[in-house]
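Asker: Attaching a single structure in structure tokens format; questions to follow.
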Amino acid sequence: MIRYFTAGESHGPALSAIVEGVPAGITISLDDINTQLARRQQGYGRGGRMNIETDKAEVLSGIRFGKTIGSPITLVIKNRDWENWTTIMAQFDQPAEEMTKITIPRPGHADLAGRIKYGFDDIRPVIERSSARETAARVAAGTFAKIFLKALGIEIGSYISAIGLATESPSDRLLAELLGKGAEAVSTQADLSPVRMLSKATETDAVAAIDEAKQRGDTLGGIIELFITGVPVGFGSYVQHDRRLDAALASAILSIQAIKGVEIGTAFANARKPGSEVHDELHLSPAEGVIRKTNRAGGIEGSMSSGQTIHLRAAMKPISSLITPLQSFDIESLQPAPSRFERSDTCAVPAAGVVAEAVVAPVIANALLEKLGGDHLDEIRERFDYYRKNLRNTFSTEHPL
Ligand code: EPS
């Protein structure tokens, strides 16, 4: 089972991660990790910090001759901005006389609850660790599971379907065409756009909406569409709550900063329709066995993969660091006060799509490892090929078992 932890403050020396349980024998390069880190830094609407950082990973353990060796992998991403924060974020020196404490919480952020929970007199430590900068470490960590899955034909991809009111619904044909190549084709297409959208017209609207929000000192949220292709039927289980694949995927996505909702398939539209218009009917094809002509379930039935493309949708709220202040109060004077500005992004939805890809990868990898076991890629591949070969022939009259 793949497990990982991250550590690091937004303006501390570095972010880091330890990833444990990655099978041996997976070929990976620093470029593979850094490509994902660069994707996370992109997106129209990012703030000044992205001009300071060029996120690059260092690997301190777990790799030999370009392959994983089954040992824990240690990753470090240095914060270039640290050199500007050595006084405010000093690890052992005492605070400088002139340092001002942060005492006005940003509504919607972790500031107030974090300050109360940990008992600080300064909100700075909450800001540092709750910052979405931490997602750089998660993207680096998730790359291992992503590459492991890709080696087995399972791909993860995403695009952005809404930023503020700019909403796009690409044609079913375009999506089917991209997904037919594997979910990464969706990302490859989306990555050509500064807002990771698939249509030029909506991209223009989204860019204009971000410009307008920025001018007002405001922020914008949006919607991420996430796809996973190549997952065969039977990953996850209905027998116990903690083995349900939909729950694990939703939990991973909700763990991303500012994500407030997850939808599987067309769940919210389905809720308004009768069952006869919702469930994906089962057809038999002599060559392929069971097929469904629709995928309203989003590739998951009974908390297990159905064999169709897994489709998840995530709602990201507008970032809660606004230039134009919201009503707040000073926790020392207990007087009403406008919220203070903390440097941030106007919109980070495109980046959050990349993060979503990274956090679901270990969930799918673990469902695969739970089903098939194995410690080396070759061993797992052999088992997976056998499983898929048998599945292909289940219920097929042309290719019976
Ligand atoms: C981020 C870096 C941060 C923020 C952002 C994400 O950098 P800084 O705080 O130095 O500007 O831009 O953090 C937040 C959205 C947040 O709410 O804290 C990054 O690397 O993604």
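Asker: Any chance you could check the Cα centroid distance between the range 294-357 and the range 74-126 for me, in angstrom?
Answerer: Rounded to whole Å, the Cα centres lie 22 Å apart.
Asker: Pairing the Cα long axis of helix 135-151 with the longest principal axis of the chain, what angle in degrees results, from 0 to 90 and rounded to the nearest 10?
Answerer: 10
Asker: Please give the contour-minus-distance gain from L254 to E288: 0.36 nm per residue of separation, less the Cα-Cα distance, rounded to one decimal in nm.
Answerer: 8.7 nm
Asker: Using a 1.4 Å probe on the protein heavy atoms, what percent of the accessible area of the range 3-391 belongs to carbon and sulfur?
Answerer: Reported share for carbon and sulfur atoms: 54 percent.
Asker: Can you give the accessible area of E342, probe radius 1.4 Å, in Å² rounded to 10?
Answerer: The accessible area of E342 comes to roughly 20 Å².
Asker: Moving to a separate point now. Evaluate the relative contact order of the chain (contact order divided by residue number), counting alpha-carbon pairs under 8 angstrom at least 6 apart; express in whole percent.
Answerer: Numbers: 825 pairs, mean separation 87.3, N = 401.
Normalised by residue count, the contact order of the chain is 22 percent.
Asker: To the nearest 10 Å², what's R39's accessible area with a 1.4 Å probe?
Answerer: Approximately 30 Å² for this residue.
Asker: Counting only protein chains, not ligands or nucleic acids, how are K67, K56 ordered by accessible area (probe 1.4 Å), most first?
Answerer: Values: K67 90, K56 115 Å².
So the residues, ranked largest to smallest area, are K56, K67.
Asker: Keeping all protein chains in position, work out how much accessible area F148 exposes to a 1.4 Å probe, and write it in Å² to the nearest 10.
Answerer: Its heavy atoms expose roughly 0 Å² to the probe.
Asker: Can you tell me the orientation of helix 377-393 relative to the chain, as the angle in degrees between its alpha-carbon axis and the longest Cα principal axis, to the nearest 10?
Answerer: In the chain, helix 377-393 runs at an angle near 50 degrees to the longest axis.
Asker: Relative to a virtual label point 7 Å from the Cα of T86 in the Cα→beta-carbon direction, which members of the range 1-30 show backbone nitrogen distances below 17 Å?
Answerer: Those under the cut-off are 11-14.
Asker: Taking a label point 7 Å from the Cα of D378 along the Cα→Cβ vector, which residues of the range 14-42 have an amide N closer than 11 Å to it?
Answerer: Residues 25 fall inside that zone.
Asker: Take the cross-link list K56/K293; K101/K317; K293/K389; K117/K150; K181/K371; K150/K273 and give me the ones stretching past 32 Å between alpha-carbons.
Answerer: K56/K293; K117/K150; K150/K273
Asker: For the range 3-391, what is the accessible area per residue in Å² when the probe is 1.4 Å?
Answerer: Per-residue value: 47 Å².
Asker: Quote to one decimal, in nm, the extra length available between E281 and A96 on full extension: 0.36 nm per residue of separation minus the C-alpha distance between them.
Answerer: Stretched out fully, the E281 to A96 stretch lengthens by 59.9 nm.
Asker: Taking the Cα centre of the range 3-391 as origin and charging only Cβ (+1 Lys, Arg; -1 Asp, Glu), how large is the dipole, in debye to the nearest 20?
Answerer: Approximately 540 debye in magnitude.
Asker: Related question: Looking at the range 70-112, which chymotrypsin sites (Phe, Trp or Tyr not before Pro) are DSSP coil and have at most 12 other C-beta atoms within 10 Å of their C-beta? Before the final figure, lay out each step's value.
Answerer: Numbers: sites: W82, W85, F92; in loops: W85, F92.
Passing both the DSSP loop test and the Cβ count: F92.
Asker: Can I ask one more? What nm value, rounded to one decimal, do you get for the distance between R392 and T324 when each label is placed 7 Å out toward the C-beta?
Answerer: Rounded to a tenth, the inter-label distance reads 5.8 nm.
The values are calculated or read from the model by the stated rules, or taken from the named source; none is laboratory data. The shown structure was predicted, so the numbers you read here are calculated from the model rather than taken from an experiment. Cβ coordinates were reconstructed from backbone atoms using ideal geometry, including for glycine residues, and neighbour counts include every protein chain displayed. To get the accessible areas, we keep the full protein, side chains included, count just its heavy atoms, and leave off ligands, DNA and RNA. Shrake-Rupley method; radii C 1.70, N 1.55, O 1.52, S 1.80 Å.
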